[in-house]
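The structure appears right after this line, and notes come after that.
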Amino acid sequence: MQTYPAVTLKPGKERSIHLKHPWIFSGAIQSVEENIREGDLSEVYSSIGKYLGTGHYHEGSIKVRLITFNRCNIDESFWYQAIQDALTVRKKTGLVDCPNTNVYRLIHGEGDNLPGLIADIYSDCAVIQTHSMGMLRSAEEIGAGLREVYGNRLHSIYLKGADTVSDHDSVLNPERFLLGNKTETEVTENNITFYVNFPEGQKTGFFIDQRENRKLLGFFAKGKKVLNTFSYSGGFSMYALQGGASEVHSVDSSARAENWCMKNAVLNHFNDRHGFFRSDAFDYLKKVNETYDIVVLDPPAFAKHLSAVKNALTGYRNLNTEGIKKVRKGGLVFTFSCSQAIDKELFRKVVFQAAAQTNRKVRILYQLSQGPDHPVNIFHPEGEYLKGLVLMAD
Ligand code: SAH
């Protein structure tokens, strides 16, 4: 059995690991073996020398992110098995070899016991996003595992690590192909076609986490006039159009989002009922004189860190106030937050405050989250990052 440099905890600090929480904070650590480097694999021990788990070591407040609680070699066969396990879960949710959907998240960090690793499947392409130096250094082996599990069903594997691993060692070359050479593709989600660009797109190229919520919007859309703010490539817009919306307006400030949203409307033959407005969403909501049957508010994370929560709450409050004002009597607002630092209760409270400012009667019809291919490790509640409410405003 291979050994890795040891990290030893202070007395009593092993409790969270017994509860299978994968993070070890700096305050829990008694000692670290000399010469350990950022991103190295390390073994964690209790103060009395009991093995607790193996994970990647990092500088910063989270010192170790555990990837196993059982002593084993972290080699190609480890990654192969981890990918197989993740695929088994996706198969159970019906997302693999599904006739109307060929895009899904295969590995969702802590939700798959692999902190720092994201892998998304886009038809015959996989995109790996590494959120830690340790995962970036393991990228070759992860790529080999993917090739072995998927065989000739995969044409390309794109590693996308430049945006998400800071201070990286340039020899690691965080943006490259581990197989093939496709930078873009078209995927099908619930029979809707979407163009996805891996290097230029946000995240791995597409917001896969909103699939179930977009589907719900489609269900309500028949004959409705819909406003989709922060539209990106038009995820919610295309579902509304497929659901029979009479008219859909997409709003986003980015030129790429405009390009891709228009492209998707054409690919699905929806362009005659679709209009795109390149604008700041707050400005659009303030200036527009029209009202809508359904308004979607899906902004980027306003609070990326705890320190940004206060300003973020003001942003969410203002956005929701303006969004609710733009909806017709009896209409719906699909409102979301993907800020990890703002939990479900806090988001609901801020939407409550926004509703109070509009003087309208507002009810919650649905409480939404991310899809089942973005599982939440129950011992790591921080993984439940996407929160959504469907409001009805009278
Ligand atoms: N709902 C989308 C994902 C939204 S991502 C989907 O289902 O695919 C957030 C989007 O907000 C990005 O496309 C980004 O360009 C856009 N954005 C960020 N700040 C903005 C602003 N102030 N006004 C309008 N769009 C903005």
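See the values below:
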item: Estimated distance in nm for a label pair at GLN367 and ASN191, the labels positioned 7 Å out from Cα along Cα-to-Cβ; result: 3.3
item: Loop chymotrypsin sites (Phe, Trp or Tyr not before Pro), region 330-394, which have at most 16 other Cβ atoms in a 10 Å radius of their Cβ (DSSP); result: PHE379
item: Ranked MET133, MET238, MET262, criterion: other C-beta atoms within 10 Å, fewest first; result: MET262, MET133, MET238
item: Listed residues PHE334, ALA308, THR93: farthest to the positive end of the dipole of the chain (Cβ charges); result: PHE334
item: Extended-chain gain in nm, criterion 0.36 nm per residue less alpha-carbon gap, PHE282 and LYS10; result: 93.0 nm
item: Other-chain or far-sequence residues with amide H under 5 Å of GLY116's (modelled H); result: GLU110
item: Choice from ARG15, ARG348, ARG256 showing the highest fluctuation, given a GNM over the chain with Cα pairs closer than 10 Å; result: ARG15
item: Distance between modelled label sites at GLU382 and SER47, nm, 7 Å Cα→Cβ extension; result: 2.3
item: Label point distance in nm, GLU76-CYS98, each placed 7 Å from Cα along Cα→Cβ; result: 3.2
item: Eligible lysines near LYS13 by straight Cα distance, threshold 29 Å, same-chain separation 8 or greater; result: LYS50, LYS63, LYS304, LYS344
item: Estimated 222 nm signal from helices in the chain, with DSSP H stretches of n ≥ 4 weighted -39500 (n - 2.57), rounded to 500; result: -8500 deg cm²/dmol
item: Average Cα contact separation per residue, region 225-293, under 8 Å, 6 or more apart, as relative contact order %; result: 36
item: Positive-pole candidate from THR321, GLN30, ALA162, dipole of the chain, charges at beta carbon; result: THR321
item: GLN357-ARG256 FRET efficiency (beta carbon distance; Förster radius 30 Å; 0.05 resolution); result: 0.35
item: Whole-number percent relative contact order across region 207-393, with pairs defined as alpha carbons under 8 Å at least 6 apart; result: 20
item: Exposed GluC sites (Glu not before Pro) absent - longest run of the chain, DSSP non-H/G/I/E/B, at most 10 other C-beta within 10 Å; result: 35-289
item: Relative contact order [Cα under 8 Å, 6+ residues apart], region 76-186, whole percent; result: 23
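Every number here is computed from the coordinates shown, using simple stated rules; none is lab data. The structure displayed is predicted, hence computed values, not measured ones. Note that we place each Cβ from the backbone using ideal geometry, even for glycine, and neighbour counts take in every protein chain shown.
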